[in-house]
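Heads up: the structure comes next, in structure tokens.
Read-outs: derived from the displayed coordinates by stated rules, not from any lab. Fair warning: this is a prediction, and the values are worked out from it, not measured in the lab. We place every Cβ from the backbone using ideal geometry, glycine too, and count neighbours over all the protein chains shown.
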Amino acid sequence: MKKKLFAVLLAASMVLGLTACGAKDAPASKTETKTETTTEQSSASEEEAPAIDTSEHVKITYMFTGSKPEGAAMDRFMEMNDKLNEILTEKCNAELEFYWIGWTDYLSVYNMTIAAMDGSIDLIGTASDWLDAWPNAKNGAFLELSEDMLKTYAPQTWASVPAENWELCKYDGEIYLIPEDNYAQWTNHGFIYRADWAEKAGLANGVHSWEDMTKYFEYTTANADALGIKQAWDSDGTQNTQLASGWVASHTNFVPIDGICSSALWGGTKDDLYTVVTPAYTDTDMMVEYAKMMKSWNDMGVWKKDVLNNTTSTNRDDFRVGLVAADQHHTQTWTDLCSPTPSNKIYQDDPNAKAGFFYFGEETKNVVALSITHGAMAISAASKNPERALMVYDLLRNDEACYRLINYGIEGVSYEIDENGYRKNPEGYNPDTDNVGGATSWWWGRNDNLELRSADRAWDQIEALYDEYDKIKINYPYGQFIPNCDTIQGKIDNCNEQFGNYMKQISFGLYTGTAEDIVAEMQAALKAAGIEDVTAELQAQIDALYK
Amino acid sequence: MGKRNKTAASAAPVVKKKNFFQLLWKYRTLTLMCIPAIVFFFMFSYMPMPGIWVAFVKYNYRKGIFGSKFVGLQNFEFLAQSGKLWSLTKNTILYNIAFIILGNLLAVFMAILLNEMASKLFKKTAQTMMFLPYFISHVLVGVLVFNFLNYDTGFVNTILTNMGLERWQPYADPHVWPVLLVIIYLWQQTGYSSVVYFASIMGIDGEIIEAARVDGANAFQKIRYIILPCLKPTVVILLLFALGGIVKGNFGLFYNIIGTNSMLYDTTDIIETFVYRATMTDFNFSTASAVGLYQSLIGFFIVMVVNFVVKKIEPDYSLF
């Protein structure tokens, strides 16, 4: 008996040891990528006849953030996947496999999966502002995409992306990302609120400032029972820095630089784009006012008292059914929540229901258009078939049949097209299982030429807001600035950490003592963490690039 | 051990020393039994050791650990620059001291109580109940604690309000957490660690206890003069092992219960949780390894010192 036990233990430890070795096999994957890049170069050098060899059937794995469908929804999903694979097999002898990164701790899981470099993923959905595209590129996780390679294997994409946009996807002269640059969307944040309730609160024109928002919350918290809500805004603790950025956008003309750290600490101003500043650190009066207002919100009971430990909030779904009065997210989310879709039950229950949007920066007309790498596709440097991955991407982005399958699902099951060319739900559509497009998270290659507008969106409201944005927007000015943070990374991490810690307390009004004290404490902590050194270093790099 | 071998040849005054391989052959059965442990430690503790190098480079996924650029101590700077190194190390060590001392005391106490129980059924039931929390993952413990203590709908607050008392908001009060965390830790771990002590009590020679009883020793005297002294070596050895990890915090416990509630960091932030938060944003293996190395070195130093002290006092109890 004992011997058997030992044998089992031994075997187990051996197996574990083997897997551990497998995962750590960095040098092996390194040589693999090397050989691949050389083959690419050689194939690229035969410029005249780029003979594409697709004789071998390969599987391309597409990794992205999203929720994996389960049960019946997964069956529906696989139906779409099978159909898609038929087309892909026919056109480039490849099939697509989906690899979901769930939303829990998505950033670390995402980065960890990329870092494994074991060749198990090919296409990586990424973003320069919210998914660490540049740090990963710098760490060697993404494959350099040569122009020849793109021309040969993704010709339609290559032709459709203008040269100046490719420039924005380069680091050290090499292209690493394929941008989603032909898709109109706005992801500037703001508060989504119930316009019909705002009217009752005495805001006939809706909410247009933070003070209006205070008034709105005063009304909704005081009349929670009458309105049938359980909480004015069931926020979770993660919204703190976003809220602070919103406040700063609404009170200054600050334009943050993306991709330095998770909180938008550094940036320029609209009048002086290339002078690096941090209003959240320097503008004491503004931050004190913020701390005071958030404390008043907390005292009103806008959010739960233990908001920082509240990890199980379902605020958005609650908004759809009228259980909360507000949500904080971006315009794109509002375009969904303001539309009478089947899941937004508030519009069925109450004909007067209307969702308004108070965007951050409205008071100061400070809106920056989305960076084209807010969604982008990269190829893993460990990919065994980077050429084929590009071919698949090219089809998914530009081929109508593929595009519709991955974005909307199977026609007649997940969507149908009405007489005006709009996309609507077919008879018997079940949003819980048939929403295939929602599970593919294809946010890295949407294409307005092929987009089918959804029939149940409130386009008149949406277009009115987009027009307003178009009048005041500026383009993201730092597209070519990819800071080299090697020497200051420790300080950036520490500043980000300190800022986050204080923002949790300030943004939810949970600090003890006065607003002046907590802001002063935060400023001291940021100073100690080296914020001024980081600013100076970033300034030097900005000067080198733009001056 | 080799020195004690007596060779059969009594004629030669000089005992011929056996070499390593002869000894290996002589104790082949014991060696064989050791192999799984040896393989385990070789694979998971010795083979990855060269990887420590990653703490001194700017790690590039494609270049690998040894191909990446050497940056000296740059990866360690971040911890020093944070200005929190002292408070983090202090929190980590104080919590661990509380865990180790209280944990062991309670475990010994429980083991003795279990030993004294006459009813077998009750003894087994009690032991199982105590053991159960050990199997609950930290994630679940975090959820349980939140449901127990939260301000709006927590169990404790529901009772308090029903009794007409004021609500209690532990998630906004950093001072209560050292106590709460130690209690939660003890609740989870005592059942498991008491088993070890219970087993050593079982191993005490029955004759000694029998003799004591004949001499008229009562239950307390039996515990004081027989059981406790017999447990001493086990306690010391377990203590020495635990000290090696005294700078390593219990990440699962702290992260799942405190989460990212920065109001509580003063008393609950340990090295692990800080490093997790601060490096998650740039996903830097090298910094994380640098921190791990820092912790290991301190742990190693502490074990050496304590072992040295123990050796001076009671050579039999030292590890090596």
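Counting other beta carbons within 10 Å of each Cβ, put A:W103, B:W187 in order, fewest first.
Lowest to highest Cβ neighbour count: A:W103, B:W187.
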Using 1/(1 + (r/R0)^6) with R0 = 22 angstrom and r between the beta carbons of B:F308 and B:L94, what's the FRET efficiency to the nearest 0.05?
0.40
Could you give each residue of region A:62-67 its phi-based ³J(HN,Hα) in whole Hz, using Karplus coefficients 6.51, -1.76, 1.60 with θ = phi - 60°, and x for Gly or Pro?
10, 9, 6, 8, x, 8
Peptide A:525-531, shielding by other chains (average Cβ, 10 Å cutoff)
2
Most exposed first by the Cβ proxy, i.e. fewest other Cβ within 10 Å, how do A:D486, A:D234, A:D122, B:D215 rank?
B:D215, A:D486, A:D234, A:D122
Region B:84-317: C-alpha gyration tensor shape, a/c 1.5 cut-off, then a/b vs b/c:
oblate
Can you count the Lys pairs in region A:111-242 whose Cα atoms are under 23 Å apart, with each pair 8 or more apart or on different chains?
5
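Filter the cross-link list A:K59/A:K384; B:K26/B:K311; A:K384/B:K63; A:K270/A:K365; B:K17/B:K312; A:K270/A:K547 down to pairs whose alpha-carbon distance in this structure exceeds 19 Å.
Exceeds cut-off: B:K26/B:K311; B:K17/B:K312.
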If you stretched the chain out fully between A:D486 and A:Y274, how much longer would it get, using 0.36 nm times the residue separation minus the C-alpha to C-alpha distance?
74.2 nm
Points 7 angstrom from Cα along the Cβ direction at A:Y466 and B:F135: gap in nanometres?
5.7 nm
Within a 10 angstrom radius of each residue's Cβ in B:32-40, how many Cβ atoms of other chains show up on average? Whole number is fine.
4
So if we plug the beta-carbon distance of A:K68 and B:Y225 into 1/(1 + (r/R0)^6) with R0 = 56 Å, what FRET efficiency do we get, rounded to 0.05?
0.35
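Take every DSSP beta bridge whose two residues both sit in chain A, then give the antiparallel share in percent to the nearest 5.
Around 65 percent of the beta bridges assigned by DSSP in chain A are antiparallel ones.
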For region B:197-320: relative contact order, % (alpha-carbon pairs under 8 angstrom, 6 or more apart):
28 percent
I need the peptides A:341-347, A:529-535 ranked by packing, meaning the mean over residues of other C-beta atoms within 10 angstrom, with the highest value on top.
A:529-535, A:341-347
For residues of A:109-115, the mean tally of beta carbons on other chains within 10 Å:
2
Expressed as a whole number of Å, what is the distance separating the alpha-carbon centroids of region A:425-502 and region B:231-295?
36 Å
Taking Cα pairs under 8 Å and at least six residues apart, what relative contact order does region B:84-317 come out at, in percent?
31 percent
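Kindly put B:S200, B:S45, A:S507 in sequence by how many other C-beta atoms sit within 10 Å of each C-beta, fewest to most.
Fewest to most other Cβ atoms nearby, the residues stand as B:S45, B:S200, A:S507.
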Give me the one-decimal nm value for the distance between modelled label points at B:D215 and A:V321, 7 Å along each residue's Cα-to-Cβ direction.
7.3 nm
What number, rounded to the nearest 500 deg cm²/dmol, is the helix-based mean residue ellipticity at 222 nm of the protein assembly as shown, given -39500 (n - 2.57) per DSSP H run of at least four residues and division by all its residues?
-16500 deg cm²/dmol
Please identify, among B:I204, B:I159, B:I226, the residue showing maximal mean-square fluctuation in a Gaussian network model of chain B using a 10 angstrom Cα cutoff.
B:I159
So what is the diffusion coefficient of the protein assembly as shown in µm² per second by Stokes-Einstein at 20 °C and 1.002 mPa s, using a Kirkwood Rh over Cα pairs?
68 µm²/s
With label points built 7 Å along Cα→Cβ from the Cα atoms of B:L105 and B:I38, find their separation and express it in nm.
4.2 nm
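Can you tally the net charge around A:L538? Count Lys and Arg as +1, Asp and Glu as -1, for every other residue whose Cβ sits under 12 Å from the Cβ of A:L538. Mind showing how you got there, number by number?
On the way: positive: A:K491; negative: A:E532, A:D533, A:E537, A:D543.
Every neighbour counted, the sum reads -3.
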Förster radius 25 Å - calculated FRET efficiency between A:S296 and A:E363 (Cβ-Cβ, nearest 0.05):
0.85
Any idea how far the Cα center of region A:250-282 sits from the one of region A:117-143, in Å?
26 Å
How would region A:266-375 be classified by its alpha-carbon gyration tensor: rounded, prolate or oblate, with rounded meaning a/c under 1.5 and the a/b versus b/c comparison settling the rest?
oblate
Between region B:112-159 and region B:177-210, what's the alpha-carbon centroid distance in Å?
15 Å
